Amino acid sequence: MHDVASQQEPPGDDALMLAWTAGDVAAFETLYRRHRDKLYRFLVRQVRNPALAEEIFQDVWQRVIAAREGWRPDALFATWLYRIAHNRLADHWRAAQHRPPPPEDADLRTARIVDPDDPERQLSQFEQRRGLQLALDALPDEQREVVLLRLEHELTLEEIGQITGVGRETVKSRLRYAMDKLRATLTS
């Protein structure tokens, strides 16, 4: 029978926030990991300046830390976090008296920011990994073993030869044939 505890979903943001306000530092670390990348991308897209975005990002988290005792689960944590970010951005623009025009290359800069949560990107990466796995599975056992030892474990040809019990030149030949087959499979 499976362990019921291992099947539980990770705690939600509200539960983590309540745990953190009660003194659980690990709960804050989990909240931070969950929200840091999205919050940073949001700020960079707003101010179009990575250094300024980083400054505001740090300030938002400082405000979260300072306000944690007053937090109540009336709204979702993410809503509260982005409200703090919104207010911090408003403070910034008010202090600047106007929103400066974006740099001429702003669209290029924004396009370079990678969104790891993009579903199309995730699907593409999954399909690439799946294609590679299928291509590896199609290799003869000796060639697959040599490829995995070389690429995944970064062993030298000599080390692979010692493990497999064949000479360096045999390892080199198996590796070359395997790589040729992988290239042909993956580019077709």
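Of all residues in region 130-141, those satisfying the criterion of being within 23 Å of Ser173 (Cα to Cα) and surrounded by fewer than 15 Cβ atoms within 10 Å (Cβ to Cβ) are Leu132, Gln133, Leu134, Asp137, Ala138, Pro140, Asp141.
Within region 78-92, the set of residues being more than 11 Å from Ile56 (Cβ to Cβ), over 21 Å from the mean Cα position of the chain (by Cα) and surrounded by 15 or more Cβ atoms within 10 Å (Cβ to Cβ) comprises just one member, Trp80.
Just one of (1) under 33 Å from the mean Cα position of the chain (by Cα); (2) modelled with pLDDT of 85 or more; (3) not polar (S, T, N, Q) trips up Val171, so point out which. Of everything listed in (1) under 33 Å from the mean Cα position of the chain (by Cα); (2) modelled with pLDDT of 85 or more; (3) not polar (S, T, N, Q), Val171 misses just condition (1).
For region 177-188, the criterion of being assigned to a helix (DSSP H, G or I), modelled with pLDDT of 85 or more and closer than 30 Å to Ile56 by Cα is met by none of the residues. Restricting attention to region 151-176, the residues that are open to solvent by less than 90 Å² (accessible area, probe 1.4 Å) and either aromatic (Phe, Trp, Tyr) or not in a helix (DSSP H, G or I) (or both) total 5.
Only one entry in Glu127, Glu120 is exposed (fewer than 11 other Cβ atoms within 10 Å of the Cβ), part of a helix (DSSP H, G or I) and modelled with pLDDT under 75, namely Glu120. Within region 14-44, which residues are open to solvent by less than 50 Å² (accessible area, probe 1.4 Å) and under 19 Å from Gln58 (Cα atoms)? If the condition is that a residue be open to solvent by less than 50 Å² (accessible area, probe 1.4 Å) and under 19 Å from Gln58 (Cα atoms), then Met17, Trp20, Ala27, Phe28, Thr30, Leu31, His35, Leu39, Arg41, Leu43, Val44 are the ones that fit. Trp61 falls short of the stated requirement of being more than 30 Å from Trp93 (Cα to Cα) and surrounded by 15 or more Cβ atoms within 10 Å (Cβ to Cβ).
The values are calculated or read from the model by the stated rules, or taken from the named source; none is laboratory data. None of these values were measured; they are calculated from a predicted model. Positions of Cβ are backbone-derived with ideal geometry, glycine not excepted, and every protein chain shown enters the neighbour counts. Calculation scope for accessible area: heavy atoms of the full protein, side chains included, ligands and nucleic acids excluded. Shrake-Rupley method; radii C 1.70, N 1.55, O 1.52, S 1.80 Å.
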